[in-house]
């Protein structure tokens, strides 16, 4: 089922539990991170996952910025995909560059370039998968409340 918001109902996850996804093409420009952050805020509000907003927005910003800086070959569009199902929120940023990014060592003294170090620290899981048109860098957050 598709809604005007670009939201798609999914059958993934445990029986009887519905998940959702949103996908947004982004321009390979400086506008993309802001558009992606707003899309993430809107999705989390719609899915009633506001408690994940701060971390999600940071992860989205870092992944989209990394794609723009290092992977926007030939002006290809970047795609943000957000998906929730089975107790997880998955953030994926697709781009046309097949080269896998790697986190920089913390010993390197530079003012930028630590986006993946932040992703590694903030996400419960993260990784890279190859796609037909390049790659998708993804991060996942547990949507279940912490036991305590």
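Given the criteria in contact with a strand residue (DSSP E or B) (Cβ under 6 Å, 6 or more places away or on another chain), modelled with pLDDT under 95 and over 15 Å from residue 82 (Cα atoms), does residue 12 qualify? For residue 12, the condition - in contact with a strand residue (DSSP E or B) (Cβ under 6 Å, 6 or more places away or on another chain), modelled with pLDDT under 95 and over 15 Å from residue 82 (Cα atoms) - is not met.
So, residue 62, is that one surrounded by 16 or more Cβ atoms within 10 Å (Cβ to Cβ), within 11 Å of the chain's Cα centre (by Cα), modelled with pLDDT of 90 or more and not in a strand (DSSP E or B) or not? Considered against the rule, which asks whether it is surrounded by 16 or more Cβ atoms within 10 Å (Cβ to Cβ), within 11 Å of the chain's Cα centre (by Cα), modelled with pLDDT of 90 or more and not in a strand (DSSP E or B), residue 62 comes out as yes.
If you take the residues of segment 15-38 that are under 13 Å from residue 84 (Cβ atoms) and in a loop (DSSP other than H, G, I, E, B), which of them is modelled with the highest pLDDT? Among those that are under 13 Å from residue 84 (Cβ atoms) and in a loop (DSSP other than H, G, I, E, B), it is 18.
The values are calculated or read from the model by the stated rules, or taken from the named source; none is laboratory data. Everything numeric in this text was worked out from a predicted model, so none of it was measured. Backbone-built Cβ (ideal geometry, glycine too); neighbour counts: all protein chains shown.
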